[in-house]
Amino acid sequence: MKQARRSKLATLEDAVASVSSGDHLAVGGIWNENAPSALVRALARRGIDGLKLSAGPASAYPVDLLIGMGMVATVMAPNVTFEDLGLAPNFRRAVEKGEVRLIECDEPSLIGGYRAAAAGLPASIVHSLRGTSLLDRSPWMTTHELPDGEEVVLIPALRPDVTFLHVQQCDEYGNARCLGTVFADRLLAKCATTVIVSTDELVSNEEIRASPSSTTIPGFFVDVVVEAQYGAHPCGSHGRYTRDSASLRHYLAAASKGGNWDDYVSSVVRVDHDRYLLDHAEAVG
Amino acid sequence: MSATEASPLERAAIVLSALLNDDETFIVGGASPVPLAAALLAQKFHAPNLVLLTGSGAVNPRPTEIPRSGGSGNLLHSAEAIIDIDDIYDLTESGAIDAICLGGLQVDRFGNFNLTAVGSYEAPRLRGPGMANIGLTMTATRLLLFSPVHSAKTLVERVDYATGYGSRLPSGERVPHRTGGGPEFLLTPDAYFEFTGPDGEAELVAISEETTIAAVTERTGWQVADAAPDRFPPVDDEQLQFVRSIDAAGILA
């Protein structure tokens, strides 16, 4: 019997329902750009906790927000910063007070772990970290000696249960275009069990086929597609909109000591995406 | 501000630019407007074949304006190619990066730098952002240190935590397993040090026209040896005009 190709489209709420307490969640993006912010806020509206959270090597809002919501037990993220806007307040406080377990890592170790998972290998060999202070603080990496006596560092495979990504264009089958940099996002798609992509714009499969070399993440790496206009906001989305610095500053003030975090959560996080867009109509036009 | 009065950060970008070589592959990280401006200056004036990579993967960007953020689309949309994280991983492991410019919450006399924790590691007074790529500090041919702040709080005798290693460990012992060249110099808006001391410690080589040896000594957390440092070379007007032409927002002003 002839069957239609399966669409991967879902609502934000249905998409994030596949994340469970205790899961390893990985979030894509780079610093204040391409963050899967709408997906992260939708997840924050669910009452799960105990997440193991990892992120591409440069992160900010998703990591800081999920920690602030008390949903994260363990975090692996080598560079969490809002860059010129400031340090990440919830991340910083939670690590200083020991409220989350931080697994120290850097780019080669994190990427080595993801690459091993993507290739189905038990571990990656990373040479650059031999002798660094990182090894003293990261018992998950181990040093081994090869038969010829050479010392190598083994990074065990890191396989997220779920990856959240945000892209600028995508079709209903998950063929995605990153209009700026794909950075770590394709790798995060390859190494995870379930991959959920939000897109600013849903485009047709015909449009995707008109320029296959523009597809930065092929659809067969993707499980669920969510159409979410301004889905990276308050972060930027390369080629579509720049970061909203005023909204990010509002976030940082709320998350900082003495800030009104509860008000931020009720007025910004605990509202659905349509309401969020109306509330930010001035910024997102 | 007239052309003859470069700001401290504009001057630092021009000094740093002269320290970048033609045909080098140079990578800048996040929130690095000074190293970025230095690389664009170098390409424009004396190093047209320098390959500039950004942390976001932009190759040889020509931004009309230098951004505050390393992830900015300004860098990506003006690049001639974009590489991804797998490329950066391979370049890190293979040691193919010639030069990287870094700074820290603290930098010590050996060039150890701290982006991890101020105070104790277990209960820090300040947890820093962490270092995106520690591996690169071990494999890059040249490690260039730049601190936009020259104060005794930043330039310390010994870092609380060595996220990346200098010419020696904070204890003074040799750095094991390094395949790259380690730190070559530390530049601040006020001073230029090279790690040429008998034990690899920083030696003062030059200071800005705007400061004095006494002021530099006072605002440096380690003992600055008696020296007769040179002055930074005078700012070239044409170079300063170029920096300002890509800095309408006055990030370096």
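Is it the case that A:GLN229 is closer than 20 Å to B:GLY73 by Cβ and surrounded by fewer than 19 Cβ atoms within 10 Å (Cβ to Cβ)? Criteria met by A:GLN229. Looking only at residues in region B:78-95 that are of a type in the set (A, V, I, L, M, F, W, C), more than 8 Å from every other protein chain (Cβ to nearest Cβ) and open to solvent by less than 40 Å² (accessible area, probe 1.4 Å), the one that is farthest from A:HIS127 (Cα to Cα) is B:ALA79. Check whether at least one residue in region B:36-48 is touching a Lys or Arg at 6+ places or on another chain (Cβ under 9 Å), within 11 Å of chain A (Cβ to nearest Cβ) and more than 30 Å from B:ALA225 (Cβ to Cβ), and report yes or no. Checked against the condition, which is being touching a Lys or Arg at 6+ places or on another chain (Cβ under 9 Å), within 11 Å of chain A (Cβ to nearest Cβ) and more than 30 Å from B:ALA225 (Cβ to Cβ), region B:36-48 yields no hits at all. Can you tell me how many residues in region A:127-154 are out of contact with any Leu (no Cβ under 8 Å at 6 or more places or on another chain), within 11 Å of chain B (Cβ to nearest Cβ) and assigned to a strand (DSSP E or B)? Adding up the residues that qualify gives 1.
Tell me yes or no: at least one residue of region A:173-188 is open to solvent by less than 30 Å² (accessible area, probe 1.4 Å), without any contact (Cβ under 8 Å) to a residue 60 or more places away in the chain and among the hydrophobic types (A, V, I, L, M, F, W, C). Can you show your working first?
In the first step, residues of region A:173-188 are kept if they are open to solvent by less than 30 Å² (accessible area, probe 1.4 Å); the result is A:174-178, A:180-185, A:187-188.
Now restrict to residues that are without any contact (Cβ under 8 Å) to a residue 60 or more places away in the chain: A:175-177, A:182.
If we keep only those that are among the hydrophobic types (A, V, I, L, M, F, W, C) as well, we get A:176, A:182.
Yes; the residues of region A:173-188 include at least one that is open to solvent by less than 30 Å² (accessible area, probe 1.4 Å), without any contact (Cβ under 8 Å) to a residue 60 or more places away in the chain and among the hydrophobic types (A, V, I, L, M, F, W, C).
Criterion first (part of a loop (DSSP other than H, G, I, E, B), touching a residue at least 40 places away in the same chain (Cβ under 8 Å) and buried (at least 24 other Cβ atoms within 10 Å of the Cβ)) does A:ALA35 satisfy it? Against the criterion (part of a loop (DSSP other than H, G, I, E, B), touching a residue at least 40 places away in the same chain (Cβ under 8 Å) and buried (at least 24 other Cβ atoms within 10 Å of the Cβ)), A:ALA35 qualifies. Counting the residues of region B:111-156 that are touching a Pro at 6+ places or on another chain (Cβ under 7 Å), part of a strand (DSSP E or B) and more than 12 Å from chain A (Cβ to nearest Cβ) gives 3.
Filter region A:104-132 down to the residues that are under 14 Å from B:ASN133 (Cβ atoms) and of a type in the set (Gly, Ala, Ser), then identify the one that is farthest from the chain's Cα centre (by Cα).
Taking the candidates together, the pick is A:SER128.
Residues of region A:69-87 that are more than 7 Å from chain B (Cβ to nearest Cβ), of a type outside the set (Gly, Ala, Ser) and not in a loop (DSSP other than H, G, I, E, B): A:VAL72, A:THR74, A:VAL75, A:MET76, A:LEU85. For region A:168-221, the set of residues classified as more than 12 Å from chain B (Cβ to nearest Cβ), of a type in the set (Asp, Glu) and under 17 Å from the mean Cα position of the chain (by Cα) consists of A:ASP200 only. Residues considered: A:ASP14, A:ASP23, A:ASP84, A:ASP49. Of these, the only one that is more than 24 Å from A:GLY236 (Cβ to Cβ), in contact with a Lys or Arg (Cβ under 8 Å, 6 or more places away or on another chain) and of a type outside the set (Val, Ile, Thr) is A:ASP23. Looking only at region B:139-149, decide whether some residue is within 19 Å of the chain's Cα centre (by Cα), more than 25 Å from B:LEU36 (Cα to Cα) and open to solvent by less than 30 Å² (accessible area, probe 1.4 Å). No - not one qualifying residue is present in region B:139-149. Residues that are crowded, with 19+ Cβ neighbours inside 10 Å, more than 7 Å from chain A (Cβ to nearest Cβ), in a loop (DSSP other than H, G, I, E, B) and not small (Gly, Ala, Ser) within region B:166-177 comprise just one, B:PRO170. In region A:1-15, the residues that are in contact (Cβ under 8 Å) with a residue 40 or more places away in the chain and of a type in the set (A, V, I, L, M) form Cβ pairs under 7 Å with partners that are in a loop (DSSP other than H, G, I, E, B) and surrounded by 14 or more Cβ atoms within 10 Å (Cβ to Cβ), at six or more places apart or across chains, as follows: A:LEU9/A:GLU172; A:LEU12/A:ALA228.
With respect to the conditions (1) out of contact with any helix residue (DSSP H, G or I) (no Cβ under 9 Å at 6 or more places or on another chain); (2) open to solvent by less than 30 Å² (accessible area, probe 1.4 Å); (3) at pLDDT 95 or above, B:GLY130 falls short on a single one, namely (3).
For region A:88-122, which residues satisfy the criterion of being touching a strand residue (DSSP E or B) at 6+ places or on another chain (Cβ under 6 Å), part of a helix (DSSP H, G or I) and within 10 Å of another protein chain (Cβ to nearest Cβ)? Before the answer, list the steps.
Restricting attention to region A:88-122, the residues satisfying the condition of being touching a strand residue (DSSP E or B) at 6+ places or on another chain (Cβ under 6 Å) are A:88, A:91-92, A:95-96, A:100-103, A:105, A:108-109, A:112-113, A:115-116.
Still in the running and part of a helix (DSSP H, G or I): A:91-92, A:95-96, A:108-109, A:112-113, A:115-116.
Answer for region A:88-122, where residues must be touching a strand residue (DSSP E or B) at 6+ places or on another chain (Cβ under 6 Å), part of a helix (DSSP H, G or I) and within 10 Å of another protein chain (Cβ to nearest Cβ): A:PHE91, A:ARG92, A:VAL95, A:GLU96, A:PRO108, A:SER109, A:GLY112, A:ARG115.
When you look at B:VAL159, is it within 14 Å of chain A (Cβ to nearest Cβ) and farther than 30 Å from B:PRO63 by Cβ, yes or no? Lay out the reasoning, then the answer.
On the way: within 14 Å of chain A (Cβ to nearest Cβ): yes; farther than 30 Å from B:PRO63 by Cβ: yes.
Yes: the conditions hold for B:VAL159.
The values are calculated or read from the model by the stated rules, or taken from the named source; none is laboratory data. Note that the structure is a prediction, hence the values are computed from the model and not measured. When we count neighbours, we look across all protein chains shown, and the Cβ atoms used for this are built from the backbone with ideal geometry, even at glycine. In case anyone asks, the SASA skips ligands and DNA or RNA and just uses the protein heavy atoms, side chains included. Shrake-Rupley method; radii C 1.70, N 1.55, O 1.52, S 1.80 Å.
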